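A short write-up of the structure that comes next.
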Amino acid sequence: MTTNCPLCRESASYFNSSRGKEYFECPTCGAVFLAPQYYPSLKDEKDRYLTHNNDINNAGYQEFVRPIVECTVKHFNKDHLGLDFGCGTGPVISKLLQDRGYNIKQYDPFFFDRPEHLQKIYDYIICSEVVEHFHNPAKEFKLLRSMLKSGGKLFCQTERYSPKIDFKNWYYKNDSTHVFFYQKQTFDWIRANFNFFSLAIEGRLAVFTA
């Protein structure tokens, strides 16, 4: 059983089954992904996001995103322009950065559908718990790269898969909107094939430099 990888377009093989759904693994880029016939509809996807506890004043969620906020502050200042891509119902990262005087725009296809923000060029782009939702990661990473200045950074926070993880019992795959998972090999492939200069990984955070 094979299917084409939605990132590198190469042939991927059956990997595992869970809760009546099949997953594939790509030997070329290392991605593990849900078979596309099980992707949620747009309505189901939005309904699921509406259940997320992304209250901008929630102290627990602020703490969860703090690593990506601090990494942004380490590399950029108030004069730089940023984009919170896939910011969800409550753009917590935007709030934390704006509280420090940062200039950051928001985009989310469901809750901040502002296509004009996809026409700008940014010093940095933040994708916090977003890339695992991509139905078409090749299209999305091409778009993200096109919006970055030379020397700009793309911050991607997600939980990576590794062979040490018991996939059948891995909680991260159980969210119905989590359809595409990354190994280090996957991020290395993205760096090489989307013309990023470098990649640094620390914990859940992958930082691509254009």
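Every number here is computed from the coordinates shown, using simple stated rules; none is lab data. Keep in mind the model is a prediction, meaning the values are calculated, not measured. Neighbour counts are summed over all protein chains in view; Cβ atoms, including those assigned to glycine, are modelled from backbone coordinates with ideal geometry.
Values as computed for the structure displayed
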| item | result |
| --- | --- |
| Likely footprinting exposure, D175, D84, D99, fewest C-beta neighbours within 10 Å first | D99, D175, D84 |
| In sequence order, calculated HN-Hα J values of the stretch 83-93 (Karplus, 6.51, -1.76, 1.60; Hz; x Gly/Pro) | 9, 9, 8, x, 6, x, 6, x, x, 4, 4 |
| Residue-count net charge about K153 - beta-carbon cut-off 14 Å; Lys, Arg +1, Asp, Glu -1 | 0 |
| Within straight-line cross-link reach of K153, aspartates and glutamates at Cα separation under 12 Å, skipping those fewer than 8 residues along the same chain | D123 |
| Of K46/K173; K43/K149; K139/K173; K78/K173, pairs whose Cα-Cα distance is over 27 Å | K43/K149; K78/K173 |
| Selection of trypsin sites (Lys or Arg not before Pro), the stretch 62-144, meeting DSSP coil and at most 13 other Cβ within 10 Å | K78, R100, K120 |
| Centroid-to-centroid separation of the stretch 155-185 and the stretch 76-130 [C-alpha atoms, Å] | 24 Å |
| Relative contact order for the stretch 2-209, counting Cα pairs under 8 Å that sit 6 or more residues apart, in percent | 20 percent |
| 5 angstrom amide H check on L83, placed H, neighbours 5+ away | K105, Y124, I125, I126 |
| Of G82, G30, G60, the one that fluctuates the most in a GNM where the chain has Cα springs shorter than 10 Å | G60 |
| Listed residues C29, Q157, I126: farthest to the positive end of the dipole of the chain (Cβ charges) | C29 |
| Residue order, fewest to most surrounding Cβ atoms within 10 angstrom, among W189, W170 | W170, W189 |
| Antiparallel DSSP beta bridges within the chain, as percent of all bridges there, nearest 5 | 65 percent |
| For the stretch 51-168: relative contact order, % (alpha-carbon pairs under 8 angstrom, 6 or more apart) | 23 percent |
| Cut-off 11 Å between beta-carbons: net charge of the residues surrounding I165, Lys and Arg +1, Asp and Glu -1 | +2 |
| Per-bin percent of Cα-Cα distances, the stretch 54-139 [5 Å] | 3, 14, 26, 28, 19, 9, 2 |
| In sequence order, calculated HN-Hα J values of the stretch 132-147 (Karplus, 6.51, -1.76, 1.60; Hz; x Gly/Pro) | 6, 8, 5, 6, 10, x, 4, 5, 5, 5, 5, 4, 4, 5, 5, 9 |
